[in-house]
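Beneath this line is the structure, given in structure tokens, with notes to follow.
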Amino acid sequence: MQTSTRIQEQLDDLLRQFAELRERSTGYPCNLDFDYSALIPFLSYCPNNVGDPFYDSNFQSNTHAMEREVIGTFADLMHLPRAEAWGYVTSGGTEGNMYGIYLAREIFPEGVVYFSEDTHYSAVKILRVLKARNIMIKSQENGEIDYDDLRETIRINRDVPVIVMANIGTTMTGAVDNVNKVREIVDDQAISQVYIHADAALSGMILPFVDDPQPFGFDVGFDSVSISGHKMIGSPIPCGIALTRKEFVARIARSIEYVGVMDTTLAGSRNALSALIMWYALQKHGLDGYRSIVNESLEVAAYAVDRFNECGIPAWRNKNSVTVVFPKPAPDIVRKWQLAPYGDIAHLITMPHITREKVDQVVADCL
Ligand SMILES: *Cc1c(COP(=O)(O)O)cnc(C)c1O
């Protein structure tokens, strides 16, 4: 056993380290601008959101009611009538992606999953776990899927259902696959068995708030979507949402007697605090609040591109993206600013805690 002062010292050290790192956190898409101190008292209990949030549970200390509100809000944002919507708060974007592909495979067991080479690394893992047939499609220079390659590849496999994992904001360049074009490609070939899962980890909380979004939502053909909670919303605990149509989930539902729940989620016991966190953030800021937060972040991204370019560094970003891509700087700069390097590029992501002054500091270091 350690003495309590020694334990305290270690906690203090870790806290100092986190506080210090926060000041240089510029490369990962996590909004650090939050205050959840009102929720601290809830750490004294052991709530659990086991099971389907839309059914009663025998485990009564839960935040299912708030979870349903969160899902309702995301249904609105994703243009899915609440009466047709089903979803739950996940452990993060990966679980939401897995849920979407799981549903797709249950609906079309013979289907082939198409995804671009810029798709998040979770996709390949998920496809292996689910043993789902899949084909990787080329990407364009900006990170968007190559529609010609998609068309040709689907043409060769016309006899099997099409499952597309569309990127609504790629990890490295914030590129958005055009879901209308994807639909067109499938329709042109008269393929009627189609499922589109949208990986909208970051941009799922951006596109609903901009004036001229790329096509997104269930009205343009999403069948399921995954959005991270610790990214644009901001959360001390990784989390996210999986959202889909009620009718799809009915196919996989099983009732589990001893917890008195419908077993429709991937995890059994689920984090009730993350549902509370997302609910609190959405209540506190409101959608209008997030509209200004998101648009300010986009302005800072535009500012960052300008600043880099003025200094002779060829930075760029995709439309409606807070991900500013530029040539990978020296390793000590990558480390200092916690930039995410990939091949010969790196990116700065202007999440809400990134100010123009912070951008100036990063640019100055890159010169
Ligand atoms: C971050 C991210 C994910 C995974 O999210 P986690 O919450 O880290 O599991 C999936 N897709 C994209 C495009 C991402 O940027």
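The values are calculated or read from the model by the stated rules, or taken from the named source; none is laboratory data. Predicted model, so just to flag it, every value in this text is computed and none were measured. For neighbour counting, all protein chains shown are included, and Cβ atoms are generated from backbone atoms with ideal geometry for every residue, glycine included. For the accessible areas, the whole protein counts, side chains as well, though only heavy atoms, and no ligand, DNA or RNA atoms are used. Shrake-Rupley method; radii C 1.70, N 1.55, O 1.52, S 1.80 Å.
Considering only the range 1-41, how many residues are more than 30 Å from Pro341 (Cβ to Cβ), hydrophobic (A, V, I, L, M, F, W, C) and open to solvent by 90 Å² or more (accessible area, probe 1.4 Å)? Matching residues across the range 1-41 total 3. Here is the figure for the range 48-82: residues that are within 30 Å of Gln214 (Cα to Cα) and outside any helix (DSSP H, G or I) total 4. Can you tell me which residue is surrounded by the fewest Cβ atoms within 10 Å (Cβ to Cβ) among those in the range 65-87 that are under 16 Å from Tyr280 (Cα atoms) and either hydroxyl-bearing (Ser, Thr, Tyr) or without any contact (Cβ under 8 Å) to a residue 60 or more places away in the chain (or both)? Ranking the qualifying residues of the range 65-87, first place goes to Ala65. Cβ contacts < 9 Å: first residue within 18 Å of Asn31 (Cα to Cα), restricted to the range 286-314; second residue surrounded by fewer than 19 Cβ atoms within 10 Å (Cβ to Cβ) and acidic (Asp, Glu), any location; separation 6+ or different chain. Result? Listed by first residue and then by second, the contacts come to Leu287/Asp76; Ile293/Asp33; Asn295/Asp211.
If I go through the range 170-199 residue by residue, how many of them are under 26 Å from Phe326 (Cβ atoms) and in contact with a strand residue (DSSP E or B) (Cβ under 6 Å, 6 or more places away or on another chain)?
Applying the first criterion (under 26 Å from Phe326 (Cβ atoms)) to the range 170-199 yields 170-178, 199.
Imposing the further condition that a residue be in contact with a strand residue (DSSP E or B) (Cβ under 6 Å, 6 or more places away or on another chain) reduces the set to 172-174, 176-177, 199.
The number of residues fulfilling the criteria is 6.
Do we have any residue at all in the range 290-299 that's over 30 Å from Glu67 (Cα atoms) and either open to solvent by 50 Å² or more (accessible area, probe 1.4 Å) or not assigned by TED's automatic domain parsing to the domain that holds Asn49 (or both)?
Kept after step one, since they are over 30 Å from Glu67 (Cα atoms), are these residues of the range 290-299: 299.
Next, from what is left, pick out any that are either open to solvent by 50 Å² or more (accessible area, probe 1.4 Å) or not assigned by TED's automatic domain parsing to the domain that holds Asn49 (or both): 299.
There is at least one residue in the range 290-299 that is over 30 Å from Glu67 (Cα atoms) and either open to solvent by 50 Å² or more (accessible area, probe 1.4 Å) or not assigned by TED's automatic domain parsing to the domain that holds Asn49 (or both).
Every condition in (1) within 16 Å of the ligand (Cβ to nearest atom); (2) more than 20 Å from Asp344 (Cα to Cα); (3) surrounded by fewer than 18 Cβ atoms within 10 Å (Cβ to Cβ) is met by Val164 except one, and the failing one is (3).
Can you tell me which of Thr265, Thr350, Thr355 is over 30 Å from Ser61 (Cα atoms), buried (at least 22 other Cβ atoms within 10 Å of the Cβ) and hydroxyl-bearing (Ser, Thr, Tyr)? From the options Thr265, Thr350, Thr355, the qualifying one is Thr350.
Flag: Ser139 does not match the condition of being within 22 Å of Asn318 (Cβ to Cβ) and either in contact (Cβ under 8 Å) with a residue 40 or more places away in the chain or away from the ligand (no atom under 15 Å from the Cβ) (or both).
Applying the set (1) farther than 18 Å from Thr244 by Cβ; (2) in contact with a strand residue (DSSP E or B) (Cβ under 6 Å, 6 or more places away or on another chain); (3) among the polar types (S, T, N, Q) to Asn167 leaves exactly one unmet item: (1).
Would you pick out the residues in the range 83-96 that are in a loop (DSSP other than H, G, I, E, B) and touching a strand residue (DSSP E or B) at 6+ places or on another chain (Cβ under 6 Å)? Before the answer, list the steps.
Pass one, the range 83-96, residues in a loop (DSSP other than H, G, I, E, B): 91-92.
If the condition is that a residue be in a loop (DSSP other than H, G, I, E, B) and touching a strand residue (DSSP E or B) at 6+ places or on another chain (Cβ under 6 Å), then Gly92 is the only one that fits.
Selection of strands (runs of 3 or more DSSP E) fully inside the range 194-273 by the criterion of at least 2 residues being more than 14 Å from the ligand (Cβ to nearest atom) returns 194-199, 240-245. Looking only at residues in the range 167-192 that are in a loop (DSSP other than H, G, I, E, B), out of contact with any Asp or Glu (no Cβ under 9 Å at 6 or more places or on another chain) and open to solvent by 30 Å² or more (accessible area, probe 1.4 Å), which one is nearest to the ligand (Cβ to nearest atom)? Among residues in the range 167-192 that are in a loop (DSSP other than H, G, I, E, B), out of contact with any Asp or Glu (no Cβ under 9 Å at 6 or more places or on another chain) and open to solvent by 30 Å² or more (accessible area, probe 1.4 Å), the one nearest to the ligand (Cβ to nearest atom) is Ser192. Within the range 200-223, residues that are in contact (Cβ under 8 Å) with a residue 40 or more places away in the chain and surrounded by fewer than 22 Cβ atoms within 10 Å (Cβ to Cβ) have Cβ atoms under 8 Å from residues that are small (Gly, Ala, Ser) and in a helix (DSSP H, G or I) in these pairs: Asp223/Gly100; Asp223/Ala104, counting only partners at least 6 apart in sequence or on another chain.
One line per residue, one yes/no per condition, for (1) part of a loop (DSSP other than H, G, I, E, B); (2) charged (D, E, K, R); (3) more than 17 Å from Met172 (Cα to Cα):
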position: Lys284; (1), (2), (3): no, yes, yes
position: Val305; (1), (2), (3): no, no, no
position: Asn309; (1), (2), (3): no, no, yes
position: Ile313; (1), (2), (3): yes, no, yes
position: Val362; (1), (2), (3): no, no, yes
position: Asp365; (1), (2), (3): no, yes, yes
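Residue count for the range 105-123, restricted to those that are at pLDDT below 95 and either within 16 Å of the ligand (Cβ to nearest atom) or not assigned by TED's automatic domain parsing to the domain that holds Ser192 (or both): 4.
For Tyr99, the conditions (1) assigned to a helix (DSSP H, G or I); (2) away from the ligand (no atom under 16 Å from the Cβ); (3) buried (at least 18 other Cβ atoms within 10 Å of the Cβ) all hold with the exception of (2). Per the listing Leu32, Leu15, the residue uniquely within 30 Å of Arg356 (Cβ to Cβ) and without any contact (Cβ under 8 Å) to a residue 60 or more places away in the chain is Leu15.
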